[in-house]
Each structure stands twice: as structure tokens, then as C-alpha cells.
Amino acid sequence: MSVVRKQMLVMVSVFSILLLMLSACEGSSGEVEGTESSNGESIELVVNSWFASDADVPNNVWKPWKKYVEEKTDGRVEVKVHYNGALAGSNEILEGVKSGMFDVGMALAMYYEDSQLFPLSIGDLPFANGGDPDKDAAIIQEFSKQYEDSIWEGVIKVGVGSPPPKYMYATSPINSVDFLEGKSVRVSNDLEAELFKSMGGTPTEVAFEEVYNSLDKGIIDSMVSTHDVYTNLQLVETAPNFLNVPVSFAQATAVMNKDFFNSLPEDLQQLFKEDLNPKWEELFEGNARKVMANDSEVIEMVESNGGKVTSFEGEELSEFKSYGKPVWEFWVEKAKEKGYPGEEMMEEFIKISREHDVKLEFLDR
């Protein structure tokens, strides 16, 4: 082989290597600038849901949101939802999103009373929103705007709202407003503990997974939860008595990993801000209404299992709601201990609530 030919082969080889190196650099640069790969593959958005795949929140929120996101982005974003808390439990959502373990998750404020989500817990107060999910959503959305920088520090807010209202269920018939006197009741957070103590009950910590057995064995006599949890866990078998008075809502927020959001192309960032995230909020509000549409079925289920459905009216209802007043006062003190202007926040929350026609007469008793 001639020297010239050898030189030409060496030059071609070197040129080929340089082209390969340049292509690799361009691919790496594309990955830094955005999560959409250089070969046009879709961006994967990972969601952690601590609900089972057949529960109401996945069916009414996560699944339709997944479909909506993928359609609106023309497949550029692919949503992958992990169910049953596969990536993190219900009390590990905020940390999981911040760490990047997953991109989006929904956190309940009551599990984060000692975190940046504390201001949202004001919406968890007993008898706060008149049992109306639309009012609840509107009130907490308006109230939280004043604390957006602190509540969603280090994450991107997807939406805020609440599941359907929580009711009280008991192993024995509920015959009077003091039905909890001397009884044990499952507690999920400090606000519930204060309410149950005000009612004469004994707050008892029981893991969610142990609720059925605890009611069955008499470890607890009562609990507060939503109708969908009550039916999904078949709690009517152990606690066939139900108080048909909404007690409270559990405020929730869906959050997105900030690095994931910032890595998206600008047009997708804008789409999430203006359309996709508001859609999640809309679906979440709609979930509460859909669950509440089955209230009559819950009543029929209780009665068919030999249980009793109780309702309080007039003075009895006012007396029952008055048990909540100490809890509102307790929240103010907790807020002050955490460095928040407790009285100012409570005044604003009450003002917004009354503007939405929520009656809070029990606070004046």
C-alpha cells in the first residue's frame, strides 16, 4: 500500500472519530438543556400515588390527568404512575419530590404540620368549610396565595384542594352529641386529637393499615374518614354506625420536582403553568363531588348492615360544632409557635370563609 494511501486512511479514521465525539457532545448538551432526548424520545414524568390503582383518586384524578398531559403535549411527555405508595408513603411525598425520587406527588397537609405546608392545615379545622368541596377549594386557594413563596419553597405547585369531607363512624350507635365520652377514637394529627379531647374522647394512634382490626377488636370505638375509604376498606362490617355531619376536610397539594420542571423546554413549562397543572386542580375538585354523589349508597350500606345513621339538627348541631372552637384556638397557638402570625392568619381565613358564605356561628358560642 502506498504512503499516500496510508495517510488518506489515517485522515479518514481521525475524521470519523471526531464526528463521533461531536455527536456525543451534542447529545450530552441536549440532555443538560432539557429532559427531551436528542433522538426525539418522550420525556418521562414519574408520579407516585399512595392510593391503590382502583381507588377514587387514581380513577378520577391521576389516570385522566395522565391522559390529558400526554394528549396536550402530543406525546412529548409520557406520564408513568406508580400506585400503592411504591416509591414513597403518604407521609414521604414532599421529601420524595424534593429529592427527585419521583417528579410529582400529592401530599396531605395533616401529615406535614411541622413543615412548610403548615399554613394549608388551617383548612383542616373542624367545620371550616360547611361540608362543601367547592367552597373548600376556593377558600384554601385564595388563602394560600398569600403564602405561596413559603408553602411551595423548593418545589413547583401543581394544585391545591381537598378530598371529599370526613365523617365519623362508630362501633356503637351515635345517640347524642357526647357519644365519644369515655370512648377511644383513632387520631391522624394534632388537630383531630384536640377535637376528640374536646368531645370527651381518648385519642388513640392506630396505623391506617390496622384500622379494620382495631375497630373489630375494640382497640378503637370510632374514627373519622371519608366515605370512599370507609367503603373501600369495608369498615361497615366493624363500624356500622355513621354520623351524617361533615366534620372536616383534609387539605392536599400536588407538587412537582423543581429541577424536572426547569429542565423542560420553555413551551412545555408554559403549558404546565397555564393548562396542565390547573387541569389537575380541576380534576381533584371534581373527585370530591363524584365521591359525594355516592353518599346515599353509603347510608343504604350502613342500614343494610344493621347500623344506624344519625343526623344532628338545630341546637344539637350547634352544640356538636362548638366542640371545634378550642381546636381553632389551638391552631392559632401552634402557628405562633412556628413563627407565623397566627391571629392575623386566622382573621384572614375567617374573612375569606364568610365571603364564601360559610357559617361559623360556633366560633361565637
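Okay, residues lined up against (1) within 26 Å of T226 (Cα to Cα); (2) in contact with a helix residue (DSSP H, G or I) (Cβ under 8 Å, 6 or more places away or on another chain); (3) in a helix (DSSP H, G or I):
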position	(1), (2), (3)
K63	yes, no, yes
V69	no, yes, yes
A88	yes, yes, no
N91	yes, yes, no
L94	yes, no, yes
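Of all the residues in the stretch 112-144, those that are assigned to a helix (DSSP H, G or I) and not charged (D, E, K, R) number 14.
The rows are residues; the columns are (1) more than 14 Å from the chain's Cα centre (by Cα); (2) in contact (Cβ under 8 Å) with a residue 24 or more places away in the chain.
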{"residue": "K80", "(1), (2)": "yes, yes"}
{"residue": "N91", "(1), (2)": "no, no"}
{"residue": "F102", "(1), (2)": "yes, yes"}
{"residue": "M106", "(1), (2)": "no, yes"}
{"residue": "A109", "(1), (2)": "no, yes"}
{"residue": "E113", "(1), (2)": "no, yes"}
{"residue": "P126", "(1), (2)": "yes, yes"}
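Exactly one residue among M199, M223 is touching a Phe, Trp or Tyr at 6+ places or on another chain (Cβ under 6 Å), among the hydrophobic types (A, V, I, L, M, F, W, C) and under 21 Å from G89 (Cβ atoms), and that residue is M223. Only one of the listed residues (D228, D259) is assigned to a helix (DSSP H, G or I), within 23 Å of the chain's Cα centre (by Cα), over 30 Å from D149 (Cβ atoms) and of a type in the set (D, E, K, R). That residue is D228. Within the stretch 32-44, the presence of at least one residue that is in a strand (DSSP E or B), more than 17 Å from the chain's Cα centre (by Cα), surrounded by 11 or more Cβ atoms within 10 Å (Cβ to Cβ) and modelled with pLDDT of 95 or more is confirmed.
Of L283, L271, all but one fail to be touching a residue at least 60 places away in the same chain (Cβ under 8 Å), open to solvent by less than 60 Å² (accessible area, probe 1.4 Å), within 26 Å of S115 (Cβ to Cβ) and part of a helix (DSSP H, G or I); the exception is L283. Tell me which of these V245 doesn't satisfy, since it passes every other one: (1) under 18 Å from the mean Cα position of the chain (by Cα); (2) buried (at least 19 other Cβ atoms within 10 Å of the Cβ); (3) not in a helix (DSSP H, G or I). Single failed check for V245: (1). For the stretch 306-335, the set of residues classified as touching a helix residue (DSSP H, G or I) at 6+ places or on another chain (Cβ under 7 Å) and exposed (fewer than 13 other Cβ atoms within 10 Å of the Cβ) consists of E333 only. If you go through the stretch 194-225 one residue at a time, how many are touching a residue at least 24 places away in the same chain (Cβ under 8 Å), over 28 Å from E319 (Cβ atoms) and part of a loop (DSSP other than H, G, I, E, B)? Selection size over the stretch 194-225: 1.
Those residues that are buried (at least 24 other Cβ atoms within 10 Å of the Cβ) and among the polar types (S, T, N, Q), I need them from the stretch 130-163; list them, please. Listed by number, the list holds a single entry, S162. Given the criteria closer than 18 Å to M110 by Cα and loosely packed, with under 14 Cβ neighbours inside 10 Å, does K338 qualify? Yes, satisfied.
The values are calculated or read from the model by the stated rules, or taken from the named source; none is laboratory data. Just so it is clear, the model here is predicted, and its values are computed rather than measured. We place every Cβ from the backbone using ideal geometry, glycine too, and count neighbours over all the protein chains shown. These accessible areas exclude ligands, DNA and RNA; they are computed on the full protein's heavy atoms, side chains included. Shrake-Rupley method; radii C 1.70, N 1.55, O 1.52, S 1.80 Å.
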